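A short write-up of the structure that comes next.
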Amino acid sequence: MQLSFHNSLTRTREPFRPIDPAHVRMYVCGPTVYDLAHLGNARPVVVFDVLARLLRRVFPHVTYARNITDVDDKINARARESGKTIAEVTAQTAADFHADMAALNNLPPDIEPRATDHIPQMIVLCKKLIASGHAYAAEGHVLFAVASFADYGRLSGRNQDELLAGARIDVAPYKRAPGDFVLWKPSDATLPGWESPWGRGRPGWHIECSAMAWEHLGETFDIHGGGADLLFPHHENEVAQSRCAHGTAGMASIWMHNGMLTVDGEKMSKSLGNFFILRDVLARGPWVGEAFRLLLLRTHYRSALDYTETALAEARAELDDFYAMLARPAPEGEALPGMVDWVLEPLGDDLNTPLALARLRDLRTLENVANVGGSAAAVHARTPAPWSPAPGVARAAVLEAAAVLGLLWHDPAAWRQGGGDTAAIEAAIASRLAARAAKDWAEADRIRAALTTQGIVLEDGAGTTSWRRA
RNA sequence: GGUCCGGUGGCCGAUUGGUUAGGCACGGGACUGCAAAUCCCCCAAGGGCGGUUCGAUUCCGCCCCGGACCUCCA
């Protein structure tokens, strides 16, 4: 399968050519663990989880690294205000993050480096940058000299004049230029710190990713991902640090940035205070995790995505349709050649998940036609061949393709019927089947109406009745 | 103000210089004891003004509108 992706660096779609096809390497910026994940935090995790699954399908060996930032002033502030230690805050938040991302069926990355485990590497980078004239020490700080790097601004599409003009913070007196950014900063006794050639201190935000990517993926690697809001300054600064420290022409071959998630048309933001905690949304039911994942994948990853109640309900309804198909008894089948690749092909075209989902629906229709009856003519107008599979065949293709999207992992019966005691429901259905056999339609309808008030929907089949929760 | 990305039918949302996206909702039909599930049909679009072209939703220019970034942010 040919892959191509939109590269933020060149602002064009490029064929994906790994530096080493035998080992594809991807780095994605992970969370700063100071608070529970909000809805927007989930988007890059899901997007790059799908990308990792796709890469693993195409290439023999993939290393996907996603860091955890466990040293940051927001963490310090959270510890101070909550009365917990920094270690408690980071450990608990990281555990919460893992649980929430697992609820969205994200696979763990291959490597999950932590910033505090890479302090020595950060210090080495600072030393290298100072030695090569790209950084300087001043008043316990180490700062990157933006003017020393001609390509600074290339990734985010800015020139240095604009950046200086746009600098809106007060310029610290120890900076040579307003755009210079901190690699290392001093810590007083109340703050976490590590001994360094510049005194006891802690890393700046950007240096950690340069250090961890270097340690685990090398000086250059294939894909660097993250949210579009990280393009500047975070990724711009990462490139500057890594390229200047290693003397390379680039850091990652392809930079990929997911669009922002908005709520009712406004960006989710800590400072705006309009953010939804993912865990609160997940608490609404066992269906939410998958419905939210589908909601995310129904929009192309680079587009802005507006989260609404309606969109979540629609995603759930769509999953209901898939699980209705999967819950229907069908013989074990094997996908016809080409079926799965037909669905996944759009993923190779800059991760076009909406088109892949449209094709997944077509395979669902083929299974429904095979199993229930009807015409597949409309679907055949789109498929590469007039597939008319036996029952169970398209079903197998749906499951295989959905697995690359990280969808349809629930047990169909559990999805439709939920947990809890079902004996009373089964008993009522048995009574109704007896009434129907006796053509006592009034009694049959009375039982169904009673179940309807409990939120139970009956589906009569040939000689049997199945049920689901509405 | 600067930079960038968008504006597609009632809603969501892809592809494409000419040929059906798809989903949801609405309406009609098949099937069903009645339903549900399922299938079929129908519906309706491309912000505005110019330009290129035989032909533009698709390419170019301008304008309008929306969003993101401009050193907390996925």
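The values are calculated or read from the model by the stated rules, or taken from the named source; none is laboratory data. Computed from a predicted structure; not experimentally measured. Counting neighbours? That spans all protein chains shown, and the Cβs are built from the backbone with ideal geometry, glycine included. Only protein heavy atoms, including side chains, enter the accessible area calculation; ligands, DNA and RNA are left aside. Shrake-Rupley method; radii C 1.70, N 1.55, O 1.52, S 1.80 Å.
Out of all the residues in region A:182-201, which are open to solvent by 10 Å² or more (accessible area, probe 1.4 Å), farther than 16 Å from A:Q241 by Cβ and outside any loop (DSSP other than H, G, I, E, B)?
The answer is A:P186, A:W194.
Among the residues of region A:273-301, count how many are free of Cβ contacts under 8 Å to residues at least 24 places away in the same chain and either on the phi < 0 side of the Ramachandran plot or of a type in the set (A, V, I, L, M) (or both). Outline the logic, then answer.
Of region A:273-301, the ones free of Cβ contacts under 8 Å to residues at least 24 places away in the same chain are A:273-274, A:280, A:283-285, A:295.
Subset that is either on the phi < 0 side of the Ramachandran plot or of a type in the set (A, V, I, L, M) (or both): A:274, A:280, A:283-284, A:295.
The number of residues fulfilling the criteria is 5.
Those residues that are open to solvent by 70 Å² or more (accessible area, probe 1.4 Å) and β-branched (V, I, T), I need them from region A:447-464; list them, please.
If the condition is that a residue be open to solvent by 70 Å² or more (accessible area, probe 1.4 Å) and β-branched (V, I, T), then A:T452, A:T453, A:T464 are the ones that fit.
For the structure I just gave you, tell me whether A:T365 is free of Cβ contacts under 8 Å to residues at least 60 places away in the same chain and either more than 10 Å from RNA strand B (Cβ to nearest atom) or of a type in the set (V, I, T) (or both).
Working: free of Cβ contacts under 8 Å to residues at least 60 places away in the same chain: yes; either more than 10 Å from RNA strand B (Cβ to nearest atom) or of a type in the set (V, I, T) (or both): yes.
Criteria met by A:T365.
Go through (1) near RNA strand B (Cβ under 10 Å from one of its atoms); (2) loosely packed, with under 15 Cβ neighbours inside 10 Å and name the single condition A:G259 misses.
(2)
If you check A:Y27, A:Y64, which single one turns out to be within 14 Å of RNA strand B (Cβ to nearest atom), part of a strand (DSSP E or B), open to solvent by less than 30 Å² (accessible area, probe 1.4 Å) and in the same structural domain as A:A213 (by TED's automatic domain parsing)? Steps first, answer last, please.
Numbers: A:Y64 fails: within 14 Å of RNA strand B (Cβ to nearest atom).
Result: A:Y27 is the single residue among A:Y27, A:Y64 that is within 14 Å of RNA strand B (Cβ to nearest atom), part of a strand (DSSP E or B), open to solvent by less than 30 Å² (accessible area, probe 1.4 Å) and in the same structural domain as A:A213 (by TED's automatic domain parsing).
Just to be sure I understand, how many residues within region A:329-342 are touching a residue at least 60 places away in the same chain (Cβ under 8 Å) and either part of a loop (DSSP other than H, G, I, E, B) or open to solvent by 60 Å² or more (accessible area, probe 1.4 Å) (or both)?
8
Scan region A:372-386 for residues that are open to solvent by 50 Å² or more (accessible area, probe 1.4 Å) and of a type outside the set (D, E, K, R) and jot them down.
Our first condition is that a residue be open to solvent by 50 Å² or more (accessible area, probe 1.4 Å); within region A:372-386, this holds for A:372, A:374-375, A:377-378, A:380-382, A:384, A:386.
Hits for region A:372-386 are A:V372, A:G374, A:S375, A:A377, A:A378, A:H380, A:A381, A:P384, A:P386.
Could you tell me which residue of region A:427-446 is most open to solvent (accessible area, probe 1.4 Å), considering only residues that are closer than 15 Å to A:S466 by Cβ and within 10 Å of RNA strand B (Cβ to nearest atom)?
A:R436
Within region A:87-118, can you find the residues that are modelled with pLDDT of 95 or more, in contact with a Lys or Arg (Cβ under 9 Å, 6 or more places away or on another chain) and among the aliphatic types (A, V, I, L, M)?
A:A94, A:A99, A:A103, A:L104, A:L107, A:I111
I'm checking my understanding of the structure. Among residues of region A:343-359 that are more than 9 Å from RNA strand B (Cβ to nearest atom) and either surrounded by fewer than 22 Cβ atoms within 10 Å (Cβ to Cβ) or not assigned by TED's automatic domain parsing to the domain that holds A:E318 (or both), which one is nearest to A:A394 (Cα to Cα)?
Checked region A:343-359; the qualifying residue nearest to A:A394 (Cα to Cα) is A:L344.
Working only within region A:207-238, note down all residues that are open to solvent by less than 20 Å² (accessible area, probe 1.4 Å), closer than 23 Å to A:N41 by Cα and in a helix (DSSP H, G or I).
Once the filter is applied, which keeps residues that are open to solvent by less than 20 Å² (accessible area, probe 1.4 Å), closer than 23 Å to A:N41 by Cα and in a helix (DSSP H, G or I), region A:207-238 yields A:I207, A:E208, A:C209, A:S210, A:A211, A:M212, A:A213, A:H234, A:H235, A:E236, A:N237, A:E238.
Checking A:P389 against (1) more than 6 Å from RNA strand B (Cβ to nearest atom); (2) assigned to a helix (DSSP H, G or I); (3) open to solvent by less than 20 Å² (accessible area, probe 1.4 Å), only one condition comes out false. Which one?
(2)
Can you find a residue in region A:370-385 that is more than 14 Å from RNA strand B (Cβ to nearest atom), of a type in the set (A, V, I, L, M) and outside any loop (DSSP other than H, G, I, E, B)?
Scanning region A:370-385, I find no residue that is more than 14 Å from RNA strand B (Cβ to nearest atom), of a type in the set (A, V, I, L, M) and outside any loop (DSSP other than H, G, I, E, B), so the answer is no.
Quick one: how many residues across region A:35-61 are away from RNA strand B (no atom under 15 Å from the Cβ) and open to solvent by less than 10 Å² (accessible area, probe 1.4 Å)? Working first, answer last.
Start the filter on region A:35-61 by keeping residues that are away from RNA strand B (no atom under 15 Å from the Cβ), which leaves A:52-61.
Within this subset, residues satisfying the condition of being open to solvent by less than 10 Å² (accessible area, probe 1.4 Å) are A:52, A:54-55.
Within region A:35-61, residues that are away from RNA strand B (no atom under 15 Å from the Cβ) and open to solvent by less than 10 Å² (accessible area, probe 1.4 Å) number 3.
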